[in-house]
Amino acid sequence: MNIMSDLLLDDYRKQLGTDLHTAWQQLRETFVRADSFDFYTSVAVITSSKIEGEPMDVDSYIKHKIQQIEYLPELTQKPNDLFRAYIYAKENRLSQEHFAQAHRMITEHLLPAHWRGVYRRGAMVVMEHKTGRIQFEAAPAHLLETEMRKLWDDIGELLSRDLSLEETFYYASFIHLLFVCIHPFNDGNGRAGRLLEKWFLSDKLGAAAWHVQSEQHYYRHVDAYYRNLNKMGLFYEELDFTKAEPFLGMLPDALNN
């Protein structure tokens, strides 16, 4: 592995116990209807969007997607772009090329066309949208291509392996964490990172993974989400991933809750 670490995996397993398997089985038994995807994806999309400061409330967006209620375009355009990216991810295997296309969809009403799916060229600080506080400084621009190449090499390796349920959740969270820390695009990184986590889960575990309400869990615990990201440090080249355990534990918590 080039950038991923299994250093915390043993402790992660011990803390999860049998709860993860029980919760996963319950999810698989509950969400068997094909038409449930749109509802739970609507919840995922709007809660992920609200973490980034989008104004539309959850109930209104669900009405918009499920009951076809019309709202002002400025409220629905960016969440709908993200919704299309989730549909695209559901229909395509996870790869670097497909992920770049998903980012182009996510940022259709966020970035000019020449920056969609394209790595940034300048410095980037990650800010908590509710307070405007700086959380940490992302990877320097001169390291972006190297760090993202390492990440995609590791993702490819993990996709080719037989992973246990615990390993799958652990690495899905770690991919999410590393992607957000690198922050490779000019915008849309948070939404794309949460989609990437879910996309990896679905490639390894099947369609039921799209019903894991991780985005909603992160939104409900957004202060902890940013606080756990911040635990690693302030500067990318000095991040201490031995302190990543609280962040990695949020995804299985989402399943249990």
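Throughout, read-outs are computed from the coordinates displayed, never taken from laboratory work. The shown structure was predicted, so the numbers you read here are calculated from the model rather than taken from an experiment. Neighbour counts run over all protein chains shown; Cβ positions are idealised from the backbone, glycine included.
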Using packing as a proxy for protection, rank 101-107, 171-177, 36-42, 75-81 so that the peptide with the highest average count of other Cβ atoms within 10 Å comes first. 171-177, 101-107, 75-81, 36-42
Would you be so kind as to identify which of L248, L196, N2 lies farthest towards the positive end of the dipole of the chain, taking Lys and Arg as +1 and Asp and Glu as -1 on Cβ and the Cα centre as origin? L196
Along the dipole axis of the chain (charges at Cβ: +1 for Lys and Arg, -1 for Asp and Glu; origin at the Cα centre), the most positive-end residue among F235, Q77, M148 is Q77
Taking placed amide H atoms and a strict 5 Å upper bound, the residues 5 or more places from M127 or on another chain that come that close are Q135
About the Cα centre of the chain, how large is the charge dipole given +1 on each Lys and Arg Cβ and -1 on each Asp and Glu Cβ? Please answer in debye to the nearest 20. 420
At q = 0.13 Å⁻¹, the log10 of I(q)/I(0) for the chain from a Debye sum over equal Cα scatterers comes to -0.80
Full extension between L75 and N257 adds, at 0.36 nm per residue less the Cα distance, a length in nm of 62.6 nm
Measure out, as a whole number of angstrom, how far apart the alpha-carbon centroids of the range 56-81 and the range 94-114 sit. 21
Which of the pairs K50/K204; K14/K63; K65/K231; K50/K90; K90/K150; K63/K231 have their Cα atoms more than 32 Å apart in this structure? K14/K63; K65/K231; K63/K231
Please arrange D6, D253 by counting, for each residue, the other beta carbons lying within 10 Å of its beta carbon, fewest first. D6, D253
Kyte-Doolittle cut-off -0.5, length cut-off 18 Å along the helix's own axis using Cα: show which whole DSSP H helices in the chain pass. 36-51, 144-160, 165-182
